[in-house]
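Step one of this worksheet: look at the structure below.
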Amino acid sequence: MNGQFDSRAPAELEAPALHDSVRPLFIPVHSENDLAVVAASVGAFASERTRDPVHLARIRIAALELATNVVKYAKRGRVEIRVLVQGSREAIELIVSDRGPGIADVALALQDHYSSGGTLGLGLPGVKRMMDEFELHSSAELGTTVRVRKWLR
Ligand SMILES: Nc1ncnc2c1ncn2[C@@H]1O[C@H](COP(=O)(O)OP(=O)(O)OP(=O)(O)O)[C@@H](O)[C@H]1O
Ligand SMILES: [Mg+2]
């Protein structure tokens, strides 16, 4: 099941491209202990690109929610954080992926308060709301990949 980027992406001719001098950062997620590393590493990386406290909080919370899902539902996976450039604009992109069991019903998983794990069920829908773009791919064969973007300027 494929999600789609929503229409808030800036409509410019050039597609967003990877920043040519900022290397992506990969953070392995193997257990709950790695969640603190995700928060710290993502926070430090994003702080190099923006001082906006709301942007920084949203990026860190999104990474934490998605990485928490990896630990909870897929056991292990990874977080990638990178910088995209489109014209004069810059975005932080998070790609959180795992090779776990996948999400059988993505539309259901994106609904507020749906949880198969007995918690609030607000992680995915919250991340979708707090970021500018959200894309989720999931299958039993390939696991789950969530890609989100926050445009900084
Ligand atoms: N990486 C994943 N692999 C497999 N299933 C997932 C994954 N991420 C989310 N899900 C499924 O989607 C549901 C909704 O996820 P969401 O993060 O919104 O809620 P939650 O993790 O159950 O609760 P909360 O995040 O509020 O503590 C989960 O209950 C789970 O069934
Ligand atoms: Mg969750």
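List of remarks:
- Of all residues in segment 68-89, at least one satisfies being of a type in the set (Lys, Arg), surrounded by 14 or more Cβ atoms within 10 Å (Cβ to Cβ) and within 8 Å of ligand 1 (Cβ to nearest atom).
- Unique residue being within 12 Å of ligand 1 (Cβ to nearest atom) and under 19 Å from Asp132 (Cβ atoms) when the list is Leu64, Leu56: Leu64
- Residue check, Asp105 surrounded by fewer than 20 Cβ atoms within 10 Å (Cβ to Cβ), within 13 Å of ligand 1 (Cβ to nearest atom), modelled with pLDDT of 95 or more and of a type in the set (Asp, Glu): yes
- Yes/no for Ile92 being closer than 21 Å to Val22 by Cα and either within 12 Å of the chain's Cα centre (by Cα) or within 12 Å of ligand 1 (Cβ to nearest atom) (or both): yes
- Subset of segment 106-141 (residues that are away from ligand 2 (no atom under 15 Å from the Cβ) and either more than 24 Å from Leu18 (Cα to Cα) or acidic (Asp, Glu) (or both)): Ala107, Asp132, Glu133, Glu135, Ser139, Ala140, Glu141
- Residue selected from segment 53-67 under the condition exposed (fewer than 15 other Cβ atoms within 10 Å of the Cβ) and under 23 Å from Gly121 (Cα atoms), by the criterion nearest to ligand 2 (Cβ to nearest atom): Ala57
- Residues of segment 120-130 classified as closer than 23 Å to His30 by Cα and free of Cβ contacts under 8 Å to residues at least 24 places away in the same chain, total: 3
- Applying the criterion of being surrounded by fewer than 18 Cβ atoms within 10 Å (Cβ to Cβ) and touching a helix residue (DSSP H, G or I) at 6+ places or on another chain (Cβ under 7 Å) to the residues of segment 111-151, the residue that is nearest to Asp52 (Cα to Cα) is Gly126.
- Sole exception among (1) in contact (Cβ under 8 Å) with a residue 60 or more places away in the chain; (2) under 21 Å from Gly126 (Cβ atoms); (3) in a strand (DSSP E or B); (4) β-branched (Val, Ile, Thr) for Thr50, by number: (3)
- Within segment 38-52, if we keep just the residues that are of a type in the set (D, E, K, R) and surrounded by fewer than 18 Cβ atoms within 10 Å (Cβ to Cβ), the residue that is nearest to ligand 1 (Cβ to nearest atom) turns out to be Asp52.
- Tyr73 vs. criteria aromatic (Phe, Trp, Tyr), within 13 Å of ligand 2 (Cβ to nearest atom) and touching a Pro at 6+ places or on another chain (Cβ under 8 Å): yes
The values are calculated or read from the model by the stated rules, or taken from the named source; none is laboratory data. Predicted, not measured: the structure shown is a model, and the values here were computed from it. No Cβ is skipped: glycine too gets one built from the backbone with ideal geometry, and neighbour counts run over all protein chains shown.
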